[in-house]
Every structure is written in structure tokens, then in C-alpha cells.
Amino acid sequence: MHRSFRNLAGALALGAACLIAAFQPAAAQGIATDMDLRGITSLRVTASPMTVDSLDCSVESAAMVRELRQQLVSEGMKATDSDAALAVVTVLSTRDANTDVCNSTLMLGAYKKASFFDKDVGWIRTGYVVMWQSAVLVSSPSETHSVQVRDGLAKLGDALLGDWRNANRPVNSASSQ
């Protein structure tokens, strides 16, 4: 009876360990997925269409794309014209005409093109999966808003680069830290 209990306890412990491992993120298990930044060496930087209020707040997408591209390249990420992996800047702005205060939700996302079989239509489709995404809210007077938004984008760029470096760190150096 005592031996059966030990066998049962051992089996339960092994089962629990397997269950815990199954619920770890894929990156923690060393499994490559379409959902992380591992293996990414370049991003095409682009911007989503902006709201009309963005113009009243002096937020201009071409400058933001250019600055983010320069930031990524200066830290080791290659710029590309390929659409295989994208960094997309999205800014949703509003301006209060009474107070002349602008509020912008600034989002940065990294997306990878992936193909999958769609059972509903019976063929392969191609779309983008999210590898990384974050956002900040910026609120400031309209005359300084563009600077505040660019600073927010630089912070998001730093966060993306930090996660990109961690995802692409050699395996042996990951265990030594």
C-alpha cells in the first residue's frame, strides 16, 4: 500500500510538472512561433491613417515613421521595404477647441505576415499576426503636442527594441543572466 501511494504521488508530481510546462509561454519553452520577435532581423516601418484632429495637433505621420526607422536602425534592426514584418505606428488624436489641449493615443505594433488554412472557405489565406504591441496616452497643449507624441513614440521604440533584443539573445546567454 505504501509503495502504491509513492507511485501515485510520483505520477501526480510528474503530471503536474508536464501541465505547468504546457502552460508556459512558447518563448519560455524555446518553441518558435509566429507570435514573437525571435528571428526578426528587419521591419518595414509604416503608419496607419490618422484622424483629422492629428493635423490640428501638429502630429505628422511621415516624420514619425522616419524617426522610428532611424531609432530602430541605430539599435541594430535593419530597415526594409518588404512587407513580411511591419512596425505600424497608429495615432488617434482629439483636440479640445476650448482649451487647445490635444489627447493622442499612440500605439506601436510589430506584425508578421503568416499564412493559414481557413476551413470556412477551404483555402489558404495570408494575414498578419501580432508579435508585439504597446500604447501610451499623450495629453498636452497643441503647440507642444507633436514633441510629446514623438517622445512617446521613442519610448515605445525603446520597449520594442528591448523585447526584440531579449527574444533574439543567444540561448546560452539567456541562462547566464
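The values are calculated or read from the model by the stated rules, or taken from the named source; none is laboratory data. A quick note: this is a predicted structure, and the numbers were derived from the prediction, not measured. Cβ atoms come from the backbone with ideal geometry, glycine included; neighbour counts cover every protein chain shown.
Data for the structure
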| item | result |
| --- | --- |
| So Val130, is it closer than 19 Å to Leu37 by Cα, exposed (fewer than 14 other Cβ atoms within 10 Å of the Cβ) and within 21 Å of the chain's Cα centre (by Cα) | yes |
| Tabulated pairs, the stretch 110-124, first outside the structural domain of Met77 (by TED's automatic domain parsing), second of a type in the set (D, E, K, R), C-beta under 9 angstrom, 6+ apart or interchain | none |
| Thr46 being of a type in the set (S, T, N, Q), touching a Ser or Thr at 6+ places or on another chain (Cβ under 8 Å), modelled with pLDDT of 95 or more and closer than 28 Å to Asn168 by Cα | no |
| Which numbered condition Gly162 fails, given (1) part of a strand (DSSP E or B); (2) modelled with pLDDT of 95 or more | (1) |
| Residue match in the stretch 85-105 (condition: assigned to a strand (DSSP E or B), touching a residue at least 60 places away in the same chain (Cβ under 8 Å) and either in the same structural domain as Glu67 (by TED's automatic domain parsing) or not charged (D, E, K, R) (or both)) | yes |
